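Down below is the structure, laid out as structure tokens.
Where a number appears in this text, it was derived from the coordinates with a stated rule and is not lab data. Keep in mind that what you see is a predicted model, and the values were worked out from it rather than measured. Here the Cβ is made from the backbone with ideal geometry for all residues, glycine too, and neighbour counts use every protein chain on show.
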Amino acid sequence: MADNRPNGLKANKGIELLTWGTPNGWKASIILEELKEAYGKEYTWQGINIGQNIQKEPWFIKLGPNGRIPVIVDHDKGGFAVQEGLAILSYLTRHYDPDHKFSFSDPLDVSRAEQWMAWQHGGLGPMQGQANHFNRAAKERIAYGMQRYTGETERLVGILDSHLKETDYLVGNKYSIADIASFGWVNMLRFSGVDLDAFPNLKAWWERILARPAVQKGLSIPSKGGFGNDAYLQRLKDDKEFAEKEHGLMEAIAEAKKKYGYKYASP
Ligand SMILES: N[C@@H](CCC(=O)N[C@@H](CS)C(=O)NCC(=O)O)C(=O)O
């Protein structure tokens, strides 16, 4: 409805989050829910329906020039706006996590966390995003693209799985923004055509994080989505037509891998 379509900021104090229920959006809503639970820091949010291209409108672009969600605005810092997940996670913890509950004070740990967040930005997010595009949104089914990006996603989550053999969390054996950056992507791995069961350390990490109340709340902003791993498996059980369609897609991905001699290659 036209009346509900966001057309500008609505708060005048605290943090305002502009977001949608996607792996990148969840980074911001999860850290904000964690800070709320840990420090009582309240925030406001608005749902930016990316299917309606609200993120491309001039008022939004002024805040986030890339025209993508999530964006935060800090009304207590003169309306300072931040785009990009890594920058949002760093900004919020730098200013509002004084006890380093989700971040680090040791400079080497700070660097370790930056490395995993940069890895997510340059690797997992773009590759898994392209896997989703080629598997589900492309105007034609292109086998090469399907196996290339689904394969790259597998290689990348294999790296997380190996790292998590020795530790419960990515940096310093402590849940942090480094984990939050990748969690949302792993949360929709099945939808992307990757079998989470093949990566047992990663699956345990995903379950550990998913069990956090603040994570559950963050995942439901602006509303609970249908492509998280659990919701996806449930829908396969409940919806026969969906299950058949998904089965067809998974077979097409397997065929594409065979056609181009794909071999899993994570160290
Ligand atoms: N690197 C950015 C990526 C942001 C991004 O790709 N957002 C997607 C949703 S997950 C989006 O807004 N897509 C809509 C569009 O491209 O117009 C981040 O981590 O925040």
Taking Cα atoms only, helix 85-96 is inclined relative to the longest principal axis of the chain by an angle, in degrees rounded to 10, of 30
Kirkwood radius from Cα pairs of the range 107-259 plugged into Stokes-Einstein at 25 °C, 0.890 mPa s, gives D in µm²/s equal to 151
Non-local residues with an amide H under 5 Å from the amide H of Phe80, with H modelled 1.01 Å from N and Pro and chain starts lacking one, are Asp74
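Is it possible to state the helix-based mean residue ellipticity at 222 nm for the chain, with each DSSP H run of 4+ residues giving -39500 (n - 2.57), the sum divided by total residues, to the nearest 500 deg cm²/dmol? What is it?
-16000 deg cm²/dmol
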Given the candidates Ala113, Asn12, Trp206, the one whose Cα lies deepest towards the positive end of the charge dipole of the chain, counting +1 at each Lys or Arg C-beta and -1 at each Asp or Glu C-beta, is Asn12
Computed over the chain: longest principal axis from alpha-carbon atoms vs helix 229-238 long axis, angle to nearest 10 degrees, is 50
Contour minus Cα-Cα span, Asp76 to Asn201, at 0.36 nm per residue, comes to 41.0 nm
Under 20 Å by backbone N from the virtual spin label 7 Å along Cα-to-Cβ at Met250, the residues of the range 221-241 are 226-241
If unit charges are put on Cβ atoms (+1 for Lys and Arg, -1 for Asp and Glu) and the dipole of the range 107-259 is taken about its Cα centre, the option from Gly129, Met188, Thr167 lying farthest towards the positive end turns out to be Gly129
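Let me know the charge dipole size of the range 107-259 about its Cα centre in debye, to the nearest 20, where only the beta-carbon of Lys, Arg (+1) and Asp, Glu (-1) is charged.
So the magnitude is around 220 debye.
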The chain: Kirkwood hydrodynamic radius (Cα pairs, Å) comes out at 19.3
Note on the range 1-160, DSSP bridge orientation, antiparallel percent to nearest 5 equals 60
Helix 143-163: inclination vs the chain longest Cα principal axis, degrees, rounded to 10, gives 60
Inverse of <1/r> over all distinct C-alpha pairs of the range 2-96, i.e. the Kirkwood Rh in Å, gives 13.2
